[in-house]
Amino acid sequence: MSSATAPGFASTDPATGQPNPVLFWETLNAYQRTAALDTALDLDLFTGIAEGARTASQLADFCKGSERAVRILCDYLTIIGFLTKDESGYGLTPTAAVLLNRHSPAYSGTVAQFLNLPELMSAFSQLTEAVRKGRTALLGQGTLDPEDPIWLLFAKMMPPLIGPTAQFVGTLVNGSANRKMRVLDIAAGHGLFGIEIARHNPLAEIVALDWPKVLEIARENARQAGVESRYQTLPGDAFSVDFDGPYEVVLLTNFLHHFNEATCISLLRKIHASLKPGGRVVTVEFVPNEDRVSPAIPAAFSMIMLVTTPEGDAYTFQQFSNMFTVAGFGPSQIVPVPNSPQSAVVTQRD
């Protein structure tokens, strides 16, 4: 099958070197891509194709929609790269077949329910005010308000996207040998990172820290993974609750980006005090290069922090390394996470 794809987002036409109005057009209309994908997920359209509905008529029956409207939606999804189209009808690209078909073990459609939350999307409608203020224009602390209910949805909906990264971290922490270790998982959310360590290592004991209702989800995930007997919970705020150390490993996954550097350093000092000598911190983050514009996904993540937090950011490896050094740690090393835009920063306490 052949598949049409959207034109590239080059700032100039590569053939002529002239300004490229396509970039301007596509960026102004980018919200349409989000709406089309959300609608296809709502209608379960990708699963319908996987089950054999190929034509606009067949898919309209499957989705209980208008044939004309379904044809337009499918053509658009073909243009942007989620579907293929030939004389026999529509098909799934590898991305759609693996991530968007409910029958796939790697189905990730639930992720849209968190990433496209009206509360999060509305923050971008206030971007002008956020740029003028230098912080989120949402009420209060944005997504950092205590026990914000969006983190319940995060814990429920994000595991399909986070799962492979958690598996990698489980292997990274344990290496090739099982040894007794106590692990603190800060802002555990769904709990997958600590759970994967426990699954890889039958001698590991996990302490998961987060808001009480979020921890109910993490504990249920630990039960389903068969590690509940080695999975404890510690409810509260990471900045104020007693960590009850010492630990061999502390996990900081997708947490530091919510805060400014001074706040991060204060937490790292607290973590340093809770670690045994030789203990490690494994930080998972979107880490841009020093130019702060590449790679694209890690670098662009700072925009999300601008509109949803008071002072969060996407930090470079050098910034992370400096923060750990100021907090009393030894050198850090960065490890790319396979098939992910994220990296792991591994830091040892001397």
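Tabulated results
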| read-out | value |
| --- | --- |
| Compactness of segment 126-174 - radius of gyration and Dmax, Cα, Å | 16.1, 46 |
| Segment 40-138: radius of gyration over Cα atoms, expressed as a fraction of 2.2 N^0.38 Å | 1.35 |
| Spatial separation of Cα centroids for segment 275-345 and segment 70-133, in angstrom | 27 |
| Segment 1-153 - percent relative contact order, Cα under 8 Å, separation 6 or more | 20 |
| Equivalent ellipsoid, segment 257-313 (semi-axes from 5 times Cα gyration tensor eigenvalues, Å) | 25, 15, 8 |
| Low-density loop positions, trypsin sites (Lys or Arg not before Pro), segment 174-260 - DSSP coil, at most 14 other Cβ in 10 Å | ARG179, LYS180 |
| Mean separation of Cα contacts under 8 Å, 6 or more apart, over the residue count of segment 290-343: relative contact order % | 26 |
| Filtered GluC sites (Glu not before Pro), segment 90-180: DSSP coil and at most 16 other beta carbons within 10 Å | GLU147 |
| In segment 33-108, GluC sites (Glu not before Pro) in a DSSP loop with at most 14 other beta-carbon atoms within 10 Å | GLU51, GLU87 |
| Sequence-distant lysines (8 or more away, or on other chains) whose Cα lies within less than 17 Å of LYS156 | LYS213 |
| Cα-based convex hull volume of segment 216-343 per residue, rounded to whole Å³ | 136 |
| Rel. contact order, % - alpha carbon contacts under 8 angstrom, at least six apart, the chain | 12 |
| Cβ-based exposure ranking for THR136, THR171, in which fewest neighbours within 10 Å come first | THR171, THR136 |
| Under 24 Å from the Cα of LYS64 - lysines, other chains or at least 8 residues apart | LYS85 |
| Protection-proxy order for peptides 309-317, 18-26, each taking the mean of Cβ atoms within 10 Å per residue, highest first | 309-317, 18-26 |
| Semi-axes of the equivalent ellipsoid for segment 130-348, Cα gyration tensor, largest first, Å | 26, 20, 17 |
| For the chain, calculated [θ]222 nm from helices alone, where every DSSP H run of n ≥ 4 adds -39500 (n - 2.57) | -13500 deg cm²/dmol |
| Stokes-Einstein translational diffusion, segment 102-152 - Kirkwood Rh over all Cα pairs, 0.692 mPa s, 37 °C, in µm²/s | 258 |
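Only the coordinates and a few stated rules stand behind these numbers; no lab work does. Note that the structure is predicted; figures quoted are calculated from it, not measured. We place every Cβ from the backbone using ideal geometry, glycine too, and count neighbours over all the protein chains shown.
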